[in-house]
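Heads up, the thing below is written out as structure tokens.
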Amino acid sequence: MLNNLAICELLHIDYPIIQGGMAWLGTAELVSAVSNAGGLGTIGSGDAPTEWLREQIKQTRERTDRPFAVNIMMMSPFLADNLKLVVEEKVGILTFGGGNPGVYLAGLKEAGVKVMPVVSSVALARRLERLGADAVIAEGMESGGHVGETTTMALVPQVAGNLKVPAIAAGGIADGRGLVAALALGAQGVQMGTRFICSEECIAHPRFKEQILQANDRATIVTGAPTGHPVRCLENKLTYKFTALEKAGASNEELEELGRGKLSLGIMQGNIEEGSLMAGQIAGLIKEIKPVRAIIQDVMAEAEQIIDAMGKYKAKG
Ligand SMILES: Cc1cc2nc3c(=O)[nH]c(=O)nc-3n(C[C@H](O)[C@H](O)[C@H](O)COP(=O)(O)O)c2cc1C
């Protein structure tokens with residue numbers, strides 16, 4: 001069984017599978033389902049206010065007594081208050097997205113919070129390890145949402161090889177093959193986002209889930225690079241508008257204005273043309289909406305089968 005990994009011990013979970021904190025979608029329903037199934041669920045606080053986060057922590061605790069995490073985006077307008085709340089509420093595990101949380105690490109460590117920042121470079125991973133990160137989530141540019149520039153395949157072995165703390169691989173992973181590949185690259189586990197959107201428990205709009213099921217390997221595109229906040233989404237009318245504006249040399253203000261409010265329009269209200277449909281390149285592999293428990297069990301079973309079968313590559317004699 002693949003349960004003797006350092007990350008399982010560190011987080012007190014059964015399986016090395018983390019549900020990535022996703023703005024709007026990382027709610028108590030999904031988070032508790034993942035944690036109850038033996039993985040680590042993550043509340044995605046995105047740019048939601050502190051009261052929303054307080055309520056989600058409460059509801060998650062009503063649904064599970066297993067460990068779960070909170071994800072905080074560095075660009076959240078409620079960053080300071082949400083961090084305070086995580087400490088007050090004694091949520092033991094925090095992940096950070098969208099930047100460098102270095103200045104907060106010492107305080108969080110002192111408060112006994114385990115911190116796992118999302119990184120897209122070796123330099124940032126090393127800096128955050130020095131500052132006390134308990135693990136890092138190395139996220140490649142295949143992933144849904146905000147992205148860096150390096151692929152998971154290239155990033156994970158370089159991050160894992162340069163750190164003493166565990167690395168978790170994210171970006172482009174949706175099945176047992178992805179988990180085994182991540183372990184082979186030196187990771188201790190995986191974080192998945194897009195795969196968990198197509199779960200029964202995720203509150204995403206059914207039309208958004210359907211778009212993921214219909215996607216192929218080339219269905220996503222990265223927009224927003226000129227603003228310094230590149231984002232991977234399913235291609236639609238909105239991304240065409242973005243690309244056209246970017247080509248025309250639009251200002252950051254114009255681009256930011258076009259993006260305002262579009263994530264909830266797409267993923268919650270189901271406006272699949274005008275809204276933003278953040279999803280990763282692995283969308284093309286996802287063909288079925290399943291209960292969270294089945295997703296996790298299937299990933300684990302497939303990974304174990306592959307590891308057993310790989311014995312055949314060993315040289316004989
Ligand atoms: C709809 C959506 C919203 C996301 N929101 C966040 C977020 O708020 N904070 C964060 O750190 N990562 C966010 N992510 C990234 C995921 O947590 C995860 O790392 C990523 O989806 C992994 O790649 P995959 O989609 O290929 O599985 C988001 C991803 C998606 C698809």
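Values quoted throughout were computed directly from the atomic coordinates according to the rules given, and no laboratory measurement underlies them. Because the structure is a prediction, the values reported are computed rather than measured. Cβ placement follows ideal geometry from the backbone for every residue including glycine, while neighbour counts extend to all protein chains displayed.
With only Lys, Arg, Asp and Glu charged, each at its Cβ (+1 for the first two, -1 for the last two), find how big the charge dipole of the chain is about the Cα centre; round to the nearest 20 debye. The partial results should precede the final answer.
Working: 30 positive and 35 negative charges, 140 e Å.
So the magnitude is around 680 debye.
In whole Å, what is the distance between the alpha-carbon centres of segment 255-282 and segment 112-163? Cα centroid to Cα centroid, the span is 26 Å. Our helix-only sum for the chain, with -39,500 (n - 2.57) per DSSP H run of n ≥ 4 divided by its residues, gives a mean residue ellipticity at 222 nm of -12000 deg cm²/dmol. Dividing the convex hull volume of the alpha-carbon atoms in segment 1-54 by its residue count gives 77 Å³ per residue. The peptide list 22-29, 134-141, 77-84, put in order of mean Cβ contacts within 10 Å with the highest first, becomes 134-141, 22-29, 77-84. In summary, the aspartates and glutamates within cross-link reach of Lys237, defined as a Cα separation below 15 angstrom excluding same-chain residues under 8 places away, comprise Glu246, Glu273, Glu274.
Using the Kirkwood radius over Cα pairs, work out the Stokes-Einstein diffusion coefficient for the chain at 20 °C and 1.002 mPa s, in µm²/s as a whole number.
Value of D from the Cα-based Kirkwood radius: 110 µm²/s.
Rg and Dmax of segment 95-238, both derived from C-alpha coordinates alone, stand at 15.8, 47 Å.
Quick check on the exposure proxy: order Glu210, Glu288, Glu129 from fewest to most C-beta atoms within 10 angstrom. Mind dumping the intermediate values first?
Details: Glu210 14, Glu288 9, Glu129 21.
Placing the least packed residue first, the sequence is Glu288, Glu210, Glu129.
Length gained on full extension, Gln59 to Asn162, computed as 0.36 nm times the residue gap minus the Cα-Cα distance: 33.3 nm. Radius of gyration (Cα atoms) of segment 37-143, expressed as a multiple of 2.2 N^0.38 Å: 1.03. Between Glu257 and Asn216, full extension at 0.36 nm per residue minus the direct alpha carbon distance yields a gain of 11.8 nm. Largest GNM mean-square fluctuation among Ser276, Ser264, Ser45, using the chain with Cα springs under 10 Å: Ser264. In terms of packing, defined here as the mean over residues of other Cβ atoms within 10 angstrom, the peptides 31-43, 293-305 line up highest first as 31-43, 293-305.
Here the contact order of segment 121-198, divided by its residue count and restricted to Cα pairs under 8 Å and six or more residues apart, works out to 29 percent.
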